[in-house]
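The values are calculated or read from the model by the stated rules, or taken from the named source; none is laboratory data. All values reported here derive from a predicted model rather than from experimental measurement. Heads up, the Cβs are rebuilt from the backbone with ideal geometry, glycines too, and the neighbour counts pull from every protein chain shown. Heads up: the accessible areas ignore ligands, DNA and RNA and are worked out on the full protein's heavy atoms, side chains in. Shrake-Rupley method; radii C 1.70, N 1.55, O 1.52, S 1.80 Å.
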Amino acid sequence: NYMKNKKTFYEEIFALKNVIRRGWVLRNVEGRLESDAEHTMSMILLALELMHKNNLHIDELKVLKMVAFHELCEIDAGDVTPVDNVDKKIKYENELRAIERISKEYDMPEIKELWLEFEENKTPEAQFVKKLDKFDAVMQAKIYSEKGLAKPEVYDEFYQNSKKIADEMYSLKV
């Protein structure tokens, strides 16, 4: 029986619920921390809002799929942050290997195609999703800081590191 012998795609992606975002761990944020699944869902909802309220001239379905797929690599590769000082080439190779496995195992070549497009950051959709990824982190840092779960410096750090992107996204109708 297929369902008994092979992990389903749902069972595979369920793992994202258990991948805790390391940036928050490394900054000693208190309380229950955001998972990759929650981060992805926040990005999907933020993308829907921004695309609804602004005429962005982008392929909205592609954006949503790219957001949904962009963290799948972390199921195998883990959430590696810039603070971890992992060589960018090694990080990319580990993530690509994970994406190739998932894409092949579930016969979903679009996962790899859109992940590569996201990583290359050349199309309007990829550029929007990259900015959205940074903006979501800024917004999450703001929430953690406002709730007293993180020091105010955490929000300041995320905002300053992505100031241009954050200001651009804030200027959209959010």
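A few remarks follow.
- Rounded to the nearest 20 debye, the dipole magnitude of the stretch 28-147 is 340 debye, with +1 charges on Lys and Arg beta carbons, -1 on Asp and Glu beta carbons, and the Cα centre as origin.
- Taken as entire DSSP H runs, the helices of the chain that both span 30 Å or more between Cα atoms along their own long axis and average -0.5 or more on the Kyte-Doolittle scale are 124-146.
- Most mobile of His57, His39, His70 in a GNM of the chain (Cα contacts under 10 Å): His57
- Candidate aspartates and glutamates - alpha carbon under 19 Å from Lys151, same-chain residues fewer than 8 apart omitted: Glu30, Glu34, Asp136
- For the chain, the residue among Gly23, Leu149, Leu33 whose Cα projects farthest onto the positive side of the dipole built from Cβ charges is Leu149.
- Binned Cα-Cα distance frequencies in the stretch 1-143 - 5 Å width, integer %: 2, 9, 18, 22, 21, 15, 9, 4, 1, 0
- When you restrict to C-alpha pairs under 8 Å that are six or more residues apart and normalise by the size of the chain, the relative contact order lands at 24 percent.
- In terms of its C-alpha gyration tensor, the stretch 75-122 comes out oblate, because a/c is 1.5 or above while a/b does not outweigh b/c.
- Reachable lysines from Lys147, criterion Cα separation under 30 angstrom, eight or more residues apart if same chain: Lys17, Lys53, Lys130, Lys131, Lys134, Lys163, Lys164, Lys173
- Surface accessible to a 1.4 Å probe, Leu172 within the full protein complex, Å²: 40 Å²
- Springs join every pair of Cα atoms under 10 Å in this Gaussian network model of the chain, and among Asp79, Asp156, Asp36 the largest mean-square fluctuation is at Asp156.
- Along each principal axis, taking the top coordinate minus the bottom one, the Cα set of the stretch 15-91 gives 37, 33, 22 Å in descending order.
- For the stretch 78-174, the list of chymotrypsin sites (Phe, Trp or Tyr not before Pro) that fall in a loop by DSSP and count at most 14 other C-beta atoms within 10 angstrom is empty.
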